[in-house]
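Asker: Quick one: the structure is below, questions incoming.
FYI, it's all coordinate maths here, none of it is from the lab. Since the structure is predicted, the reported quantities are computational estimates derived from the model, not experimental observations. Note that we place each Cβ from the backbone using ideal geometry, even for glycine, and neighbour counts take in every protein chain shown.
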Amino acid sequence: MNVAIEQDIRDVARRVDEIITSTLKGEPYILYDAALHYITSGGKRLRPYMLVKCSELCNGSADKALYIASAMEMVHNFTLVHDDIMDGDEVRHGVPTVHRAYGLPYGILAGDLLLIYAFKTVVYYGKMAGLDDSTIVRLVDVLAKYCIVLSEGQAMDMEIASSTTIPDEEQYIAMVTKKTASLFEASCMMGAITAGADEDAVEKVAGYGRSIGIAFQLVDDLIGVVGDPKVTRKPVGNDIREGKKTLPILLALNKCDDDSRGRILSLLGSKQNIDEHELLYTINLMKGMGIDREVREMAGKYADDATAKLKGFKESSAKHALEYIARLIVERSA
């Protein structure tokens, strides 16, 4: 653990949270409370942190980047609120999901509000921070483009979930690239754009963010299957209970014999009616097949690809922080 970088992550998260909580104010209060529900429940704020560090990497100002980073965190929270509604999830980060805490109508409105405020923040606070009009237009264009991409990714995920067939690895990575990696990629690009970087630098950090986003989701998938519930604050084997066709499950289905394959398939999506003994059998089977090691190795390759994109940048604390984030994402347990 790098104590200095971990403290820097916390400092950026605190400042981002301060900007968001001071921005999201209005009436009726219940709507704004719902919009802030996940913000006040904590989190590392990796996307805004990466945005700030990519801005610094390109000789930009952290203070200017913080407002844009706050907008990105609003977009991320918008996706969480609406994701939870579509998935019917009841708990996130150890607290009730927004639609469970405030009701479905407020959940929908809170997500909408977060997305709208994100664009407002880029335009209004970007101007207040001293960004010129052409930079703000580029930022809005990137944010809009990648909001479209992540929506397409969510639709792909829904198609995978509703299909009677199991996707192959290529299909799954394509979905993850759109649904999850898009915001990481956009965050890095917007950080570089805020700094006034040239197109070559923007493309390099975009590649970094894309690979980091894929690595993040692969590890997230692994945690969803074999993660410790005391750490994840979710039931053991949560993704199996939810019937999610994630990469660890795809790999296991491809490796096991017909009997084990049938047992795994019978568990997917069982939720409250799941056989706990069968669930533990499946988790131990996957561990025995080395699925956890295989997924982390795959995530590690994406992380290595990400850090390779940074080679053209001069050595700096921002570059070291971005390299650290790549390792952190692969090694994390929650």
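Asker: For each pair in K230/K287; K179/K271; K145/K230, compute the distance between the two Cα atoms and list the pairs where it is over 29 Å. Mind showing how you got there, number by number?
Answerer: Details: K230/K287 18 Å; K179/K271 24 Å; K145/K230 38 Å.
Beyond 29 Å between Cα atoms: K145/K230.
Asker: When the Debye formula is applied to the Cα atoms of the range 142-284, each taken as the same point scatterer, what base-10 log of I(q)/I(0) results at q = 0.11, 0.14, 0.17, 0.21 Å⁻¹?
Answerer: These q points yield log10 I(q)/I(0) values of -0.49, -0.72, -0.94, -1.23.
Asker: Please provide three numbers in whole Å: the alpha-carbon extents of the range 177-219 along the principal axes, with the largest listed first.
Answerer: Largest to smallest, the principal-axis extents are 32, 14, 13 Å.
Asker: What is the Cα radius of gyration of the range 1-150 over 2.2 N^0.38 Å, N being its residue count? Walk me through the intermediate numbers first.
Answerer: Values: Rg = 15.4 Å, N = 150, 2.2 N^0.38 = 14.8 Å.
After normalising by residue count via 2.2 N^0.38 Å, the value is 1.04.
Asker: May I pose another question? Compare the Cα positions of C256, G227, G312 along the charge dipole of the chain (+1 at Cβ of Lys, Arg; -1 at Cβ of Asp, Glu; about the Cα centre) and return the one farthest towards the positive end.
Answerer: Checking the options against the dipole of the chain, the answer is G312.
Asker: Quick one: what are the phi-derived ³J(HN,Hα) couplings along the range 152-157, Karplus 6.51/-1.76/1.60 with θ = phi - 60°, whole Hz, x for glycine and proline?
Answerer: 5, x, 5, 5, 4, 4
Asker: With axes computed from alpha carbons, what is the tilt in degrees of helix 46-57 against the longest principal axis of the chain, rounded to the nearest 10 within 0 to 90?
Answerer: 40
Asker: In addition: Which of the trypsin sites (Lys or Arg not before Pro) found in the range 1-81 are loop residues per DSSP with 12 or fewer other Cβ atoms within 10 Å of their Cβ? Let's see the in-between values first.
Answerer: Values: sites: R10, R14, R15, K25, K44, R45, K53, K64; in loops: K25, K44, R45.
Sites meeting the loop and neighbour criteria: K25.
Asker: I would also like to ask the following. Within the chain, which is the longest segment containing none of the GluC sites (Glu not before Pro) that sit in a DSSP loop and have at most 16 other Cβ atoms within 10 Å? Could the numbers behind the result be given before it?
Answerer: Values: sites that count: E90, E315.
The reported range is 91-314.
Asker: Along the range 186-197, what does the Karplus equation 6.51 cos²θ - 1.76 cosθ + 1.60 (θ = phi - 60°) give for ³J(HN,Hα), rounded to whole Hz, x for Gly and Pro?
Answerer: So the J values, rounded to whole Hz, are 4, 4, 5, 4, 5, x, 5, 5, 4, 7, x, 5.
Asker: For the chain, take the alpha-carbon Rg, divide it by the Kirkwood Rh, and send me Rg/Rh. Present the calculation step by step, with values, prior to reporting the outcome.
Answerer: On the way: Rg = 19.9 Å, Rh = 20.5 Å.
For the chain, the value is 0.97.
Asker: Another question about this same structure. Show the residues, 5+ positions off or on another chain, whose built amide H is closer than 5 Å to the amide H of R92.
Answerer: T97
Asker: If I take every Cα pair under 8 Å that is 6 or more residues apart in the chain, average their sequence separation and divide by the length, what percent do I get for the relative contact order? Kindly include the intermediate steps, with their values, before the conclusion.
Answerer: Working: 475 pairs, mean separation 60.6, N = 334.
Relative contact order of the chain: 18 percent.
Asker: Compute the Rg to Rh ratio over the range 1-88 from the alpha carbon atoms, using the Kirkwood formula for Rh, and round to two decimal places.
Answerer: On the way: Rg = 14.0 Å, Rh = 13.8 Å.
Ratio of gyration radius to Kirkwood radius for the range 1-88: 1.02.
Asker: Give the calculated FRET efficiency between Y124 and Y29 to the nearest 0.05, with a Förster radius of 30 Å applied to their Cβ-Cβ distance.
Answerer: Plugging the Cβ-Cβ distance into 1/(1 + (r/R0)^6) gives 0.85.
Asker: Continuing with the same structure: What three numbers, in Å, describe the spread of the alpha carbons of the range 109-195 along their principal axes, ordered from the longest?
Answerer: In descending order, the Cα extents are 52, 30, 13 Å.
Asker: By how many degrees, 0 to 90 and rounded to 10, does the Cα axis of helix 169-179 deviate from the longest principal axis of the chain?
Answerer: Approximately 40 degrees, to the nearest 10.
Asker: Moving on to the next point. Add -39500 (n - 2.57) for each DSSP H run of 4 or more in the chain, then divide by its residues: what number comes out at 222 nm, to the nearest 500 deg cm²/dmol? Kindly include the intermediate steps, with their values, before the conclusion.
Answerer: Values: 17 runs with 245 residues, N = 334.
The helix contribution divided over the chain gives -24000 deg cm²/dmol.
Asker: For N59 and N2, what does the FRET efficiency come to when R0 = 35 Å and r is the distance between their Cβ atoms, rounded to the nearest 0.05?
Answerer: Once the sixth-power term is evaluated, E becomes 0.95.
Asker: Using a simple spin-label model with points 7 Å from Cα along the Cα→Cβ vector, what separation in nm is obtained for E315 and I166?
Answerer: If labels sit at E315 and I166, their model points lie 4.7 nm apart.
Asker: Only Lys, Arg, Asp and Glu count, each charged at its Cβ (+1, +1, -1, -1), so figure out the dipole size of the range 3-331 about its Cα centre, rounded to 20 debye. Intermediate results must be reported in sequence, preceding the final value.
Answerer: Numbers: 38 positive and 49 negative charges, 124 e Å.
Roughly 600 debye for the range 3-331.
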